[in-house]
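A short reminder: the numbers here are calculations on the coordinates, not readings from a lab. This structure is a prediction, so every number in the text was calculated from the model and none was measured. With ideal geometry, Cβ positions are generated from the backbone for all residues, glycine too; neighbour counts draw on all protein chains shown.
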């Protein structure tokens with residue numbers, strides 16, 4: 001149902017963009033009016049997606065540079081661990097972005113030995129309005145699961161609870 005509502009709104013928006021492009025075309029002489037009409041229509045039709053276009057570009061850059069795995073050189077010596085993971089909303093982006101830091105610390109020393117940074121977003125205004133049906137986009141670093149297996153993190157966390 002939400003998808004149909006979004007499609008209805010998109011149709012109305014495209015009609016408004018077409019009307020605006022016709023109005024702008026009327027301001028110019030005949031040879032230029034066609035070009036002005038097309039340019040106006042393209043700009044007006046893409047305005048609702050501006051945050052999505054800019055936001056996806058920002059999100060991709062963030063993922064490429066910040067989604068990383070960090071493993072302490074002495075991580076193999078950890079006997080017991082605690083999970084100190086956090087979620088934080090980031091600012092300065094065209095759409096909402098949430099940073100997830102999965103961090104594990106040595107129960108004995110309190111020092112972190114494994115940190116995995118990932119990012120999540122529900123997308124821009126149109127996507128959040130129902131076009132993505134409540135889904136989200138996430139980015140994780142490559143091979144992020146390998147340290148979990150290599151260090152036997154589940155066992156370390158079980159020992160950390162004792």
Report task. Once you've got the GNM for the chain with C-alpha springs shorter than 10 Å, pick whichever of 17, 36, 44 has the biggest mean-square fluctuation. Result -> 36
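Using R₀ = 25 Å, calculate the FRET efficiency as 1/(1 + (r/R₀)^6) where r is the Cβ-Cβ separation of residue 161 and residue 60; round to 0.05.
0.05
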Requested in this report: Would you mind getting me the FRET efficiency between residue 86 and residue 49? Use the beta-carbon distance for r and R0 = 25 Å, nearest 0.05.
Outcome: 0.20
Query - Gain in span if fully extended, residue 7 to residue 101, counting 0.36 nm per residue against the direct Cα distance - result: 30.2 nm
Report summary line: For segment 57-162, averaging the sequence separation of alpha carbon pairs under 8 Å that lie six or more residues apart and dividing by its residue count, the contact order in percent is 31 percent
**Report entry** Protection proxy ranking of 145-156, 114-125 - average other beta-carbon atoms within 10 Å, highest first
**Finding:** 114-125, 145-156
Query - Reported label for calculated log10 I(q)/I(0) by the Debye sum over Cα atoms at q = 0.09, 0.10 Å⁻¹ given (i) -0.32, -0.39; (ii) -0.40, -0.47; (iii) -0.50, -0.57 - result: (iii)
Report task. Largest first and in whole Å, give the semi-axes of segment 31-115's equivalent ellipsoid, each being the square root of 5 times a Cα gyration tensor eigenvalue. Result -> 49, 12, 6
Query raised in the report: What angle, in degrees between 0 and 90 and rounded to the nearest 10, separates the Cα long axis of helix 2-25 from the longest principal axis of the Cα atoms of the chain?
Result: 40 degrees
